[in-house]
Structures are given as structure tokens and as C-alpha cells.
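Read the structure below first, then the notes.
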Amino acid sequence: AQSVTQLDSQVPVFEEAPVELRCNYSSSVSVYLFWYVQYPNQGLQLLLKYLSGSTLVKGINGFEAEFNKSQTSFHLRKPSVHISDTAEYFCAVTSTGNQFYFGTGTSLTVIP
Amino acid sequence: EAGVAQSPRYKIIEKRQSVAFWCNPISGHATLYWYQQILGQGPKLLIQFQNNGVVDDSQLPKDRFSAERLKGVDSTLKIQPAKLEDSAVYLCASSPVRGLTDTQYFGPGTRLTVL
């Protein structure tokens, strides 16, 4: 079975600073990777996903993630965060023959 | 376009009682998912439906949990009897087709507290 590790449970960052949220997954022949975001009092929504092709994936709200097969990582980045980015971020993985697995989440707090 | 609807939003029950949650997916979405999210953890898939058939229920505790999706539209998840460890947020999601690469659209969740 697949697994996902989000290394940081909480990440505080000042407004307009860059941020990286880390995600590692257990190795598989071919994986599909996702980042979902959960804003306060809202349902999860997709930020971006890696299916194949370019390893740099751009998503909504200025976020991007890079698929690194050798390090089995899919870290999420944003060059300059806003107050409105305060939310819980979940990395998820699936592959052929497996179900969907979410990480435990990273709580991003943007400090004014 | 209306999103995924869930009700109730909150439920408090005592252990050994029964409870049911309802989900109405986005219109036309073939696949429906139920997840359990315990505080401090990521969502865990309980069951996945494709239209009105079960695709995956390997992590559903079948001795107490049941789910149905009659007519391939809305769905009900039931717990009978509830245990303290069932306290969690129950999330429903839907996607247009059954594909590993599909975007899932989530409802707001039902927060269950078992006393």
C-alpha cells in the first residue's frame, strides 16, 4: 500500500515570505500526486496534481510543486504568501491498483 | 454549479447509539467517496462508489459501518452502534468519472462527536 509523509505539522511564516511544505511518498512504479487545501470552515479543494510529464506543476493561487522521483518527494512552494493562504494543506498519492492516501496535513499560518 | 452537499453538519450522540449521514454529490458525478478524518490525521477512505456499485470498501469497518448509494445519486453512511473512536469528521466527495487522476470535489463534512 502507498503512504504519504508530511514532515511538518505546523508551518508559521510571515506575510510575503516564501514557503515550502514538504511531502514524501512511498515508492511505486507510477504514482499520481495531489495537493489539496482546506480553508477554515470549508471543504477540501484541489490545488494541483502531478500525473505525468513536466515535473514542475503549477496550481491555483500561485502555488507550484515539483515531483522528484529519486527523492520520492512532491514539495509544495509559493514564493510570496498572503494572509489568505492560512489553511490546512494535504498531500495525497495514488497509483494503479491502489486507493487514495492522504497525508496527515500541514497547518500553514501566515503572520501579518 | 452546486457543490457537494452534506447533512447534518454536526451531530452529538452517545456511544452505542446509531447515526446516519447524508451526501448529495455534484450533479452528473458518477463516483462518490466517503472519508473519515480523525482530528490531527488526514482523511481516510472508507468506501468508494461508482454509480450505485461499490468499487472499494476495504477500509470500512463492516461490523458497524454501512453505506448505500441507491439510484446512483445521493448516499447514506450509517454507524450502528457508535463507539468513542468514531468521533471524527465524515467527508463526502464526488468526481465525474472513476479515474485515479480525477479531481475530487469535497463537501463541508459532518462533525460527529460520540460521548
(message) Connecting C-alpha atoms closer than 10 Å in a GNM of chain B, tell me which of B:T101, B:T76, B:T31 has the biggest fluctuation.
(response) B:T101
(request) Output ³J(HN,Hα) for the stretch B:52-62: one whole-Hz value per residue in order, computed from phi by the Karplus curve 6.51 cos²θ - 1.76 cosθ + 1.60 with θ = phi - 60°, and x for Gly and Pro. (result) 9, x, 7, 8, 8, 9, 5, 10, 8, x, 6
(message) Test of understanding: ordering A:L48, B:L100, A:L33, B:L115 by Cβ neighbours within 10 Å, fewest first, what list do you get?
(response) B:L115, B:L100, A:L48, A:L33
(message) Connecting C-alpha atoms closer than 10 Å in a GNM of chain B, tell me which of B:Q36, B:Q48, B:Q80 has the biggest fluctuation.
(response) B:Q80
(message) Under 5 Å between amide hydrogens, which residues at least 5 positions from A:G105 or on another chain qualify, with H placed 1.01 Å from N in the peptide plane?
(response) A:Q6, A:C91
(message) If you restrict to DSSP beta bridges whose two residues both lie in the protein assembly as shown, what percentage is antiparallel, to the nearest 5?
(response) 90
(request) Work out the FRET efficiency for A:S80 and A:Q42 from their Cβ-Cβ distance, taking R0 = 30 Å, and round it to the nearest 0.05. (result) 0.85
(request) Determine the percent antiparallel among the DSSP beta bridges restricted to chain A, to the nearest 5. (result) 85
(message) Step by step: find N for the stretch A:4-111, compute 2.2 N^0.38 Å, then divide the Cα radius of gyration by it. What's the final number?
(response) 1.01
(request) May I ask you to give the average projected area over all directions of the convex hull of the Cα atoms of the stretch B:5-114, in nm² rounded to one decimal? (result) 6.3
(request) Using Cα centres only, tell me the gap between the stretch B:62-88 and the stretch B:25-61 in whole Å. (result) 11
(request) Could you work out the relative contact order of chain A, using alpha carbon pairs under 8 angstrom and six or more residues apart, expressed as a whole percent? (result) 38
(message) Quick check: net charge around A:N61, other residues with Cβ under 14 Å of its Cβ, Lys/Arg +1 and Asp/Glu -1?
(response) +1
(request) Starting with the fewest neighbours, write out B:L45, B:L84 ranked by other beta-carbon atoms found within 10 Å of each beta-carbon. (result) B:L84, B:L45
(message) Normalised by the empirical 2.2 N^0.38 Å for globular proteins, what value does the Cα Rg of the protein assembly as shown take?
(response) 1.02
(request) Determine the relative contact order of chain B: mean sequence separation of Cα pairs under 8 Å and six or more apart, normalised by residue count, in whole percent. (result) 37
(message) Past 23 Å, Cα to Cα: identify those pairs from B:K11/B:K71; B:K62/B:K83; A:K49/A:K69; B:K11/B:K62; B:K44/B:K71; B:K11/B:K44, in the order given.
(response) B:K11/B:K71; B:K44/B:K71
(message) Show me, for the stretch A:43-57, the HN-Hα J-couplings you get by feeding each phi into the Karplus relation (A = 6.51, B = -1.76, C = 1.60, θ = phi - 60°), rounded to Hz, glycine and proline as x.
(response) x, 5, 9, 6, 8, 6, 8, 10, 10, 5, x, 4, 7, 9, 10
(message) With +1 on the Cβ of every Lys and Arg and -1 on the Cβ of every Asp and Glu, and nothing else charged, how large is the dipole of chain B about its Cα centre, in debye rounded to the nearest 20?
(response) 320
(request) Add +1 for every Lys or Arg and -1 for every Asp or Glu among the other residues with Cβ under 10 Å from the Cβ of A:V13, and state the total. (result) -3
(message) Just to be sure I understand: with springs between alpha-carbon atoms less than 10 Å apart, which residue in A:F100, A:F63, A:F34 has the highest mean-square fluctuation in the Gaussian network model of chain A?
(response) A:F100
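Throughout, read-outs are computed from the coordinates displayed, never taken from laboratory work. What you are looking at is a predicted structure, and each value in this text was computed from that prediction instead of being measured. Glycine also receives a Cβ, built like all others from the backbone with ideal geometry; neighbour counts cover every protein chain displayed.
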